[in-house]
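Data first, discussion second: the structure below is written as structure tokens.
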Amino acid sequence: MRAVPEGFEEVYRIQQARYPAAEAGWQPVHTVYVPADRFTAHTVAEWGDQALSLVKSHLAGPGELGEVFGVPAEIAGAVHAKVLRKLSSEPVEDLRVDFEDGYGVRPGPVEDGHVEQAVEAVAALHADGALPRRWGPRVKSFADGDPERALRTLDGFVSGVVARIGRLPAGFTVTFPKVLMEEYLGQFAGVLAGIEAGFGGRLRFEMQVEAPQTLAFLRPGLAETLGGRLAAAHFGVFDYTAAIGLPPHEQRLDHPACDHARHVMQTAFAGTGVELSDGSLAAAPASDLARDVHALWRRHAETVRHSLRHGFYQGWDMHPSHLVSRFSTVYAFHLARYEVYRERVSAWEERREAGGGVMDEPATIRTLVAALRRADAALP
């Protein structure tokens, strides 16, 4: 018997650290971005109420849902019921208080005041049991040349919440935008280590992929260099498409250039446990008329379906109307194939034919199992 190659153990250790292959846990289907100056303790409830009002006015029943979103009649009733239940119980799964593009540049004392306002709102939401399962701020980018402002906001936000609640409630994460230089990632990870030293816990962050320069340093092993602090990578469609020179009318999530960027993200982070999220649709209904609300819903649903087909199960929502099209499209996507997937997995486990001439490979079965778990986690 031949000896194990020299150095194998070390390479295998690196493999396990770089690609932990852990079973994915719950991941939100969306992140809601709210400018910091507009964020209050009532924001989550207001978004849910506005979305429910739109459903009651413009999506009266399963038949209309099926027509607007192209949902088959056999699952339209289940989707409609689940959307109503979701909007009533948990309209926002992941909330980001935005101090970056959605907020703009304000005088220092003004932003400090909005940090305090946001902290009070978080404390009130937590006291009411209404804080979303994921939450946190998006700070300004180091690429703006003023890291001091980003760090002041982050430190004030974290220390303020800890002072009022006694700890950081579960689900906290911070979004780090416009990462144009790889070195910024390590610097930001170091900042988080310094902040958490003051109160304990473990701080993680999500990076935004918003520029072609960022794609140049996305690679297997990047997450490992950050000591497990990188939780997710979120695609920013508008900055990215502007940076590569696309005309305004082509700044859309389903542009082939965006597909390329997302596939680079998938390649770089496959097997690492880093979650992936798509971007947003920067549009709201043109009016309260049914035709305008339905037009917005159809367009948003198209982009959500495109993301789902490409393996991006999370995206950004920027307006209460997006909650309706997000949940309707996600639930229909999972329910449409749920029973077929379940039967194929059962047939594999029982060593029998699944029917329809399907010959599943082990890798396909793993994907089917993952899809069922993802559906179970997403469906209310």
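The values are calculated or read from the model by the stated rules, or taken from the named source; none is laboratory data. These figures come from a predicted structure and were not determined experimentally. Backbone-built Cβ (ideal geometry, glycine too); neighbour counts: all protein chains shown. Surface areas here come from the heavy atoms of the whole protein model, side chains and all, with no ligands, DNA or RNA. Shrake-Rupley method; radii C 1.70, N 1.55, O 1.52, S 1.80 Å.
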- Query: With θ set to phi - 60° and the Karplus curve 6.51 cos²θ - 1.76 cosθ + 1.60, what are the ³J(HN,Hα) couplings of region 182-196 in order, to the nearest whole Hz, using x for Gly and Pro?
  - Reply: 4, 4, 4, 4, x, 5, 5, 4, x, 4, 4, 4, x, 5, 5
- Mean Cβ neighbour count within 10 Å, used as a protection proxy, ranking 80-90, 162-172 highest first: 80-90, 162-172
- Sequence-distant lysines (8 or more away, or on other chains) whose Cα lies within less than 28 Å of Lys86: Lys56
- Query: When Rg is the radius of gyration of the Cα atoms in region 317-380 and Rh is its Kirkwood radius, what does Rg/Rh come to?
  - Reply: 1.12
- Looking at region 166-253, what % of the alpha carbon pairs are farther apart than 19 Å? 45
- Message: With every protein chain left in place and a probe of 1.4 Å, what is the accessible surface of Glu120, to the nearest 10 Å²?
- Response: 90
- Item | Sites Val340 and Ile165, calculated FRET efficiency, Cβ-Cβ separation with R0 56 Å, nearest 0.05 | 0.80
- region 196-355, Rg to Rh (Cα coordinates; Rh as Kirkwood inverse mean 1/r): 1.05
- Taking H placed 1.01 Å from N in the peptide plane, check which residues at least 5 places from Thr31 or on another chain put their amide H under 5 Å from its amide H. Gly315, Trp316, Asp317
- For region 109-261, report the convex hull volume of the alpha-carbon atoms normalised per residue, in Å³, without decimals. 135
- The percentage of the accessible area of the chain (probe 1.4 Å, all protein chains present) made up of carbon and sulfur atoms, to the nearest whole number, is 54
- Query: the chain: Rg/Rh from Cα coordinates, Kirkwood Rh?
  - Reply: 0.98
- Looking at region 158-197, what % of the alpha carbon pairs are farther apart than 13 Å? 62
- Message: Under 18 Å between alpha carbons, and skipping anything fewer than 8 positions from Lys140 in its own chain: which lysines qualify?
- Response: Lys178
- Query: Which FRET efficiency value, to the nearest 0.05, do you get for Glu10 and Ala78 by plugging their Cβ-Cβ distance into 1/(1 + (r/R0)^6) with R0 = 41 Å?
  - Reply: 0.20
- Message: With +1 on the Cβ of every Lys and Arg and -1 on the Cβ of every Asp and Glu, and nothing else charged, how large is the dipole of the chain about its Cα centre, in debye rounded to the nearest 20?
- Response: 600
